[in-house]
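Enquirer: Dumping the structure here so I can ask a few things about it.
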Amino acid sequence: MARRTVLTLSATLLVIAAIAAYVFLYLTNVPGSATAAQTANGAQLNLATVPAAATNDPHPTWVSYYVTNGQGTGWQHDTTFVVPAHSLVHVTIRQYDSSSGLRNPFISQATGTVGGTFTLDGKTMQAINPDLASHVFAIPQLGVSVPLAGIPDNAKNACGNAPCDPSTTAHTTTTFTFRTGAKGLYRWQCFVPCGAGYVLDFGGPMQTVGYMDGFLKVV
């Protein structure tokens, strides 16, 4: 009886320790947030996507989104973006990764943006070749989805780990505008299968807040 009691107590303590570790490591370890800059024409959000996070990151081989300033520098590893309600949000994304391609060609076109378009390196477009897609910035609850074209596979000045220098490394620049609605917390996500090494390439960074998905906090 005494042995059974000791085993029961030990198992209970192990379960409690596992729950405590889960709460501490996952529920309380929430990535930071970044507030969009306010301009006379609306909020401005500057982002970047990279083939690999910073070398000192817990996952330095994972693809990831970052927040930057208007010059593409001052990188922050935050994927919760704070924007005002019922307002225009202008987004600029410098994209440093190569193409992965889309399994669903439908998301190679823009939806939910002002005018139904976006600009790729200064050219106004409605869609890209699905094979050239590297990532997607999508907010399903708002109906927003914009494809991001990749850099050539043979680009000589490709960036490795974040941060990347926009003045010296290959990248594409995508801009678009969308309008927010009511206050709330909206999930955003990349839908390009770019989680290499995971089942169907949709694991790892694809399902982890702080890398290829996060939240739009409308206030």
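The values are calculated or read from the model by the stated rules, or taken from the named source; none is laboratory data. This one's a predicted model, so the numbers in the text were calculated from it and none came from an experiment. When we count neighbours, we look across all protein chains shown, and the Cβ atoms used for this are built from the backbone with ideal geometry, even at glycine.
Enquirer: Tell me the residue from 83, 63, 114, 91 that is of a type in the set (A, V, I, L, M) and in contact with a helix residue (DSSP H, G or I) (Cβ under 7 Å, 6 or more places away or on another chain), please.
Expert: The conditions single out 63.
Enquirer: List pairs: first residue in the range 89-109 and outside the structural domain of residue 148 (by TED's automatic domain parsing) and closer than 29 Å to residue 39 by Cβ, second residue of a type in the set (Ser, Thr, Tyr) and part of a strand (DSSP E or B) anywhere in the structure, Cβ distance under 6 angstrom, at least six positions apart or on different chains.
Expert: none
Enquirer: Is one or more of the residues making up the range 189-205 within 18 Å of residue 67 (Cα to Cα) and either assigned to a strand (DSSP E or B) or free of Cβ contacts under 8 Å to residues at least 12 places away in the same chain (or both)?
Expert: Checking the range 189-205: at least one residue is within 18 Å of residue 67 (Cα to Cα) and either assigned to a strand (DSSP E or B) or free of Cβ contacts under 8 Å to residues at least 12 places away in the same chain (or both).
Enquirer: Considering only residues of the range 101-118 that are of a type in the set (Gly, Ala, Ser) and out of contact with any Leu (no Cβ under 9 Å at 6 or more places or on another chain), which is surrounded by the most Cβ atoms within 10 Å (Cβ to Cβ)?
Expert: 110
Enquirer: Here's a follow-up. So, in the range 38-71, of the ones that are modelled with pLDDT under 95 and touching a Leu at 6+ places or on another chain (Cβ under 8 Å), which residue ends up surrounded by the fewest Cβ atoms within 10 Å (Cβ to Cβ)?
Expert: 41
Enquirer: Shifting gears a bit: What strands (runs of 3 or more DSSP E) completely inside the range 69-128 contain at least 3 residues that are on the phi < 0 side of the Ramachandran plot and not β-branched (Val, Ile, Thr)?
Expert: 88-95
Enquirer: Looking at this structure, is residue 80 under 21 Å from residue 161 (Cβ atoms) and not small (Gly, Ala, Ser)?
Expert: For residue 80, the condition - under 21 Å from residue 161 (Cβ atoms) and not small (Gly, Ala, Ser) - is not met.
Enquirer: Oh, and also: Would you confirm, using the coordinates I've provided, whether residue 128 is more than 29 Å from residue 84 (Cβ to Cβ), under 18 Å from the mean Cα position of the chain (by Cα) and crowded, with 19+ Cβ neighbours inside 10 Å?
Expert: Taking the combined requirement at face value, the residue does not satisfy it.
Enquirer: For the range 146-157, how many residues are in contact with a strand residue (DSSP E or B) (Cβ under 6 Å, 6 or more places away or on another chain) and part of a loop (DSSP other than H, G, I, E, B)?
Expert: Total satisfying the criteria: 2.
Enquirer: If a residue must be closer than 16 Å to residue 212 by Cα and of a type outside the set (A, V, I, L, M, F, W, C), how many such residues does the range 133-154 contain?
Expert: Selection size over the range 133-154: 6.
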